[in-house]
6 protein chains.
Amino acid sequence: MSMNNLGIVKRNIERPDVRAVAHLAQFGSATVHEAMGRIGLMKPYMRPIYVGAQACGTAVTVLLQPGDNWMMHVAAEQIQPGDIVVAGCTSESTDGFFGDLLATSSLARGARGVGIDGGVRDVKDLSAMPFPVWSRAISSKGTVKGTLGSVNVPVVCAGALVNPGDVVLADDDGVVVVPAAIAQQVADAAQARQDNEAAKRAKLAEGVLGLDMYDMRGPLEKAGLRYID
Amino acid sequence: MSMNNLGIVKRNIERPDVRAVAHLAQFGSATVHEAMGRIGLMKPYMRPIYVGAQACGTAVTVLLQPGDNWMMHVAAEQIQPGDIVVAGCTSESTDGFFGDLLATSSLARGARGVGIDGGVRDVKDLSAMPFPVWSRAISSKGTVKGTLGSVNVPVVCAGALVNPGDVVLADDDGVVVVPAAIAQQVADAAQARQDNEAAKRAKLAEGVLGLDMYDMRGPLEKAGLRYID
Amino acid sequence: MSMNNLGIVKRNIERPDVRAVAHLAQFGSATVHEAMGRIGLMKPYMRPIYVGAQACGTAVTVLLQPGDNWMMHVAAEQIQPGDIVVAGCTSESTDGFFGDLLATSSLARGARGVGIDGGVRDVKDLSAMPFPVWSRAISSKGTVKGTLGSVNVPVVCAGALVNPGDVVLADDDGVVVVPAAIAQQVADAAQARQDNEAAKRAKLAEGVLGLDMYDMRGPLEKAGLRYID
Amino acid sequence: MSMNNLGIVKRNIERPDVRAVAHLAQFGSATVHEAMGRIGLMKPYMRPIYVGAQACGTAVTVLLQPGDNWMMHVAAEQIQPGDIVVAGCTSESTDGFFGDLLATSSLARGARGVGIDGGVRDVKDLSAMPFPVWSRAISSKGTVKGTLGSVNVPVVCAGALVNPGDVVLADDDGVVVVPAAIAQQVADAAQARQDNEAAKRAKLAEGVLGLDMYDMRGPLEKAGLRYID
Amino acid sequence: MSMNNLGIVKRNIERPDVRAVAHLAQFGSATVHEAMGRIGLMKPYMRPIYVGAQACGTAVTVLLQPGDNWMMHVAAEQIQPGDIVVAGCTSESTDGFFGDLLATSSLARGARGVGIDGGVRDVKDLSAMPFPVWSRAISSKGTVKGTLGSVNVPVVCAGALVNPGDVVLADDDGVVVVPAAIAQQVADAAQARQDNEAAKRAKLAEGVLGLDMYDMRGPLEKAGLRYID
Amino acid sequence: MSMNNLGIVKRNIERPDVRAVAHLAQFGSATVHEAMGRIGLMKPYMRPIYVGAQACGTAVTVLLQPGDNWMMHVAAEQIQPGDIVVAGCTSESTDGFFGDLLATSSLARGARGVGIDGGVRDVKDLSAMPFPVWSRAISSKGTVKGTLGSVNVPVVCAGALVNPGDVVLADDDGVVVVPAAIAQQVADAAQARQDNEAAKRAKLAEGVLGLDMYDMRGPLEKAGLRYID
């Protein structure tokens, strides 16, 4: 009987077109973040549990209570193939909310990964599956199952607002959240950006300077940059 | 031409009934936070710049860029009497986005305070006004005015989602955000809670134990608590 | 049926002679810490909730679970006049485990203060009582009552081992823990140190250098210190 | 002539039965931590210097002074085959207290690893040996040899109390401390837990939900969880 | 016989004209920091030990070793009236390098304050003198006197380079370092800035918006800012 | 027209003899740091983006503004083969100032690596090149190009002063800065130290204790160390 989004599980969430998600999956988090106008990024304390981890999917969101992973089990039932579970917490906690067993279950449900503003454990097993997880900590600390949170409500995870159904794209560089409504638009912008970068990279590799390629010399001089010997 | 909420100023925001705000203003942040079901709190690194700071008002939200306070000036125009400016930032920054001059302007517009997920400066002057500010840092570091953010879009400030028009209540204990739609409901719940606490406080002051007043002995025993000598 | 000190309340703890505690209460935490050989100090993130807070008493210890203050209520019953409640937590948490009501109850039981490796709330009320608390955070965040910890077992609080009955001395400089068995011995050493300091202070105030007063010039030269112009 | 455990080396410490240690060595830190009732864990800032590091042995404890590793040399003499050196520090320090030479010496004495609430260096060499170390930092910063600490006294390392002779088990998930007296009991509980998990894992892999396997639906409903569409 | 600036005390340092220092002393740290072009600021973790602390003087610099305050005593001899002692450390330490006795000695030598990238203790006594100190921590933790550092060499304190003789200006907002060579020039720029601010403040107090006073509307529109309803 | 080192690019910097740099490149950062007398080290939060990263070169320095990487492009032009770009920032920022494109350009210019007191992105690409980077964070967060900093002025990077032309040596253990003027002298001292260590390592591997090899027993006894059983 909460006034807010507490103690609630939303079953039907709108997921974006799978083609938009598939398109986004082709880019890195930095490219997508730029394509969105440099917003939507989780804080850099979110790190993957193994080098080379990569995932792109639609968010099933979880609001956790500190030291309590009950809602991770509730969320597992809401996972559809292609989803990524994204969990925020009502206060900062590094406890191991997620591990080997939940990963096994999540994989069976078709999850592509987990982002958790808390701790994760069994990272050796998860790396072997492999089941990619981005988290603020790695910790053996177990959790209780005693207090309600919610599933599929808007949550804040590592400083980023995540709505259920948003596209979550994560790799070695971080975790970026793309609102479902603009997923295809962002994918297109990312594509344009990436197409553009190959030529730039080639030029830079040949020794052309960014100063020249981006026409920065004029603006720098205007801003007052002085060269001295 | 951003795909997202970047480069936007929303002028007309819905503010809750002033009576609900006035009612909420009578309670402490802890009481309100409990009344909401223990959600909606900013992280505890948000501290007031002086002891005894207290404010309750409706949120004008700002999305800042790191090291850039341009949007604080844009936001100033959107302040209406009774507002509190709440600013998040696209990445962590402790720079002094707000100080004496902006506070003078904000006061002239009728602002009741500022909550900023960044730094503040001129705290001596602000304390003398007094103009209450809650921030993650105090820093003389000045900022540029070069990159757009937004005003009155949903922002994440210190881990809490804030929508324009939400009620923000801040005191020595922290900063809590009450969604506009449930402001009166939360005020009523806070009132009930507070009415209830006076009697409890009296009992505890007489030496009655919480163990007895809250009937905890049974549940504790059931949970396995053992007393040894 | 825990193998360890979990789910246990020890009722009879040995407290040191009240005269030793009273003697220790006359010194600052820095003096006592030096008298002990520079050990026994909690980490400096433990800060008092108001300027000038000061307390010295015997430890009733609590092992908390994150986001759960059930054991604080269990501990309240074990408080005897002159005690200080010292609470550690099984994982890091800044939640508000202690506030106005528990302070009222603690005061009624004769407690002299609280040290908590977590958060505290209602600091305005606590400061008015005044009831001194040292904590790692101030936070409105409420807690549940669902999981057992323990009372009067050895706990680690802010990096310091605290046994029930140890003398805890706290002031603006920090929190130091004196094992009960050496309380009088440490008080004597602190007294000697303090007696000694008055004369030193007078000399230094007259302009005598520590270099000369402590005969440091020889050892410095031997260590290789060179003066240049 | 310290009043406390400073300037002391305890030579004869009681180590638990090697079979209990060997048994514990078969489990992960998360399993053992759960088997103990979710206590005894070091803070998650303790990280292994290479992926896949694993060690289980009996604790030789060290109390270090900041920026001073003299006691690591004193401790080396107390190492017996199968030991793990666990070092706390009287204040927080990230200096490189341990490196290639001490690791060579420790290996020669039969040590299985090191846990240090400070910094370690020469991690490339240590990884090549391999000699596993868990630490709060990696740092080239060298240390002096000038101030006494102690060896084989109770120490607090990364928030955990460690008594000499305790079993220390460390892997990718963290470092857990098992009191010597209950080593076999914990090993048995861990075994039971592990035996139990294989069946659970199989079920979850088949798609059975934790909600059903753990019979959580009733308790969740009773707690007030609501499903909405 | 160090190759570097270690184990050295430079006795004759060049101090800027006292009039420049006196002029700078009239401004706040934010104004001076702006006047310098927004550089020269220590990190915001440097906080004064009491509200309203203020100091401006010439730097006597100290390079400390972690947990060792020997050089603070060596530095005391180099203090001339009007100096501020600024201490960096070869690695991060929160130990109490400075307290009541050293403050008494420093006051006797004419020091105006201390900035220390470490801990300070006896803050109650120091606040009563008053002797202003800016530090990263408050800690009872005592230090040894065993390893050489240096006095009056360039040091990094809280991220800022400080040369002996630089002007250090500190208040509630932070600590700013002004190179001796440009002290008067910066004072003049600060004066111009301050003169300018009074008129601005008056305008803002009357309700004029920064948007108009600073002519921001054009640049904002050009940058693409859109107003929506 | 800055009074300080802002808005300046120094083109001609003095680099040390390449033989000294080549000699230094043969040692680890810990050895070099010891050879310098245990100073000159960046804080341990500077971590390489991949295991085994190693670089030694001469510093091209950059002073960045938060969230702005304009100066990285300006710096690229100043790179000569064998250089390492070292960037400090006027306030703390974890934004991704450096990535794939700048690395491509830097490689083309002959850079050996980058040390940045901020964030880096595209770490997968950089690791594949391989182009070694040491940073305080990994972050997809993009930056603007709007505010001047400087190139080849003295900068503070992660707590260490770096002058243009200094030798920067970085590996898994950290980043050490050797002033150009003493590069050869430090290389010689490092060589002596390393020559000396091989024999020590062999002795320790045979089981000789550091206590005996370094003749510590006498000093320890003199300091008061007591052995108990």
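When B:E77 is tested against (1) over 19 Å from B:V177 (Cα atoms); (2) within 14 Å of chain F (Cβ to nearest Cβ); (3) of a type outside the set (G, A, S), just one condition goes unmet, and that condition is (2). For F:V208, are the conditions met, namely being at pLDDT 95 or above and not in a loop (DSSP other than H, G, I, E, B)? Answer is no for this residue. Within the stretch A:172-183, is even one residue among the β-branched types (V, I, T), open to solvent by 10 Å² or more (accessible area, probe 1.4 Å), in a helix (DSSP H, G or I) and at negative phi? The answer is yes; a qualifying residue exists. Taking (1) in contact with a Lys or Arg (Cβ under 6 Å, 6 or more places away or on another chain); (2) at positive phi; (3) surrounded by fewer than 20 Cβ atoms within 10 Å (Cβ to Cβ) in turn, A:D229 satisfies each apart from (2). If you check C:I13, C:I39 for being in a loop (DSSP other than H, G, I, E, B), more than 30 Å from A:T94 (Cβ to Cβ) and open to solvent by less than 30 Å² (accessible area, probe 1.4 Å), only one passes: C:I13.
Residues that are assigned to a helix (DSSP H, G or I) and open to solvent by 20 Å² or more (accessible area, probe 1.4 Å) within the stretch B:18-30 comprise B:V18, B:R19, B:A22, B:H23, listed in sequence order.
With respect to the conditions (1) facing chain D (nearest Cβ under 10 Å); (2) over 23 Å from B:A160 (Cα atoms); (3) in contact with a strand residue (DSSP E or B) (Cβ under 9 Å, 6 or more places away or on another chain); (4) not acidic (D, E), A:G96 falls short on a single one, namely (2). Here is a list: A:A55, A:A25, A:A30. Which entry is farther than 30 Å from D:G159 by Cβ and either charged (D, E, K, R) or in contact with an Asp or Glu (Cβ under 6 Å, 6 or more places away or on another chain) (or both)? Every option except A:A30 fails the conditions.
How about the stretch F:184-226: which of its residues are crowded, with 20+ Cβ neighbours inside 10 Å and over 33 Å from the mean Cα position of the chain (by Cα)? Of everything in the stretch F:184-226, those that are crowded, with 20+ Cβ neighbours inside 10 Å and over 33 Å from the mean Cα position of the chain (by Cα) turn out to be F:L220, F:L225. Within the stretch D:33-71, the set of residues being over 16 Å from the mean Cα position of the chain (by Cα) and more than 8 Å from every other protein chain (Cβ to nearest Cβ) comprises D:L64, D:N69, D:M71. Can you tell me which residue within the stretch D:150-161, out of those that are part of a loop (DSSP other than H, G, I, E, B) and more than 10 Å from D:N5 (Cα to Cα), is most open to solvent (accessible area, probe 1.4 Å)? That would be D:G159.
Kindly evaluate E:H33 against the criterion of being under 28 Å from B:V120 (Cβ atoms), in a helix (DSSP H, G or I) and open to solvent by 30 Å² or more (accessible area, probe 1.4 Å). It is false that E:H33 is under 28 Å from B:V120 (Cβ atoms), in a helix (DSSP H, G or I) and open to solvent by 30 Å² or more (accessible area, probe 1.4 Å).
Kindly list the number of the only condition in (1) among the small types (G, A, S); (2) within 14 Å of chain A (Cβ to nearest Cβ); (3) over 30 Å from D:H33 (Cβ atoms) that fails for C:S105. Failed condition: (2).
None of C:D166, C:D171 is charged (D, E, K, R), under 20 Å from E:A137 (Cα atoms) and in contact (Cβ under 8 Å) with a residue 40 or more places away in the chain except C:D171.
Tell me, yes or no, whether the stretch A:12-32 has at least one residue that is of a type in the set (G, A, S), in contact with a Leu (Cβ under 7 Å, 6 or more places away or on another chain), more than 14 Å from chain C (Cβ to nearest Cβ) and under 15 Å from A:N163 (Cβ atoms). No, the conditions are met nowhere in the stretch A:12-32.
For the stretch B:127-152, a residue qualifies if it is at the interface with chain E (Cβ under 10 Å from one of its Cβ atoms), more than 12 Å from B:T94 (Cβ to Cβ) and not small (G, A, S), and the qualifying residues are B:V144, B:K145, B:T147, B:L148, B:V151, B:N152. The helices (runs of 4 or more DSSP H) found entirely in the stretch E:55-149 that carry 3 or more residues being open to solvent by less than 10 Å² (accessible area, probe 1.4 Å) and hydrophobic (A, V, I, L, M, F, W, C) are E:70-76.
The values are calculated or read from the model by the stated rules, or taken from the named source; none is laboratory data. Keep in mind the model is a prediction, meaning the values are calculated, not measured. Cβ coordinates were reconstructed from backbone atoms using ideal geometry, including for glycine residues, and neighbour counts include every protein chain displayed. Keep in mind that these areas ignore ligands, DNA and RNA; they rest on the heavy atoms of the full protein, side chains included. Shrake-Rupley method; radii C 1.70, N 1.55, O 1.52, S 1.80 Å.
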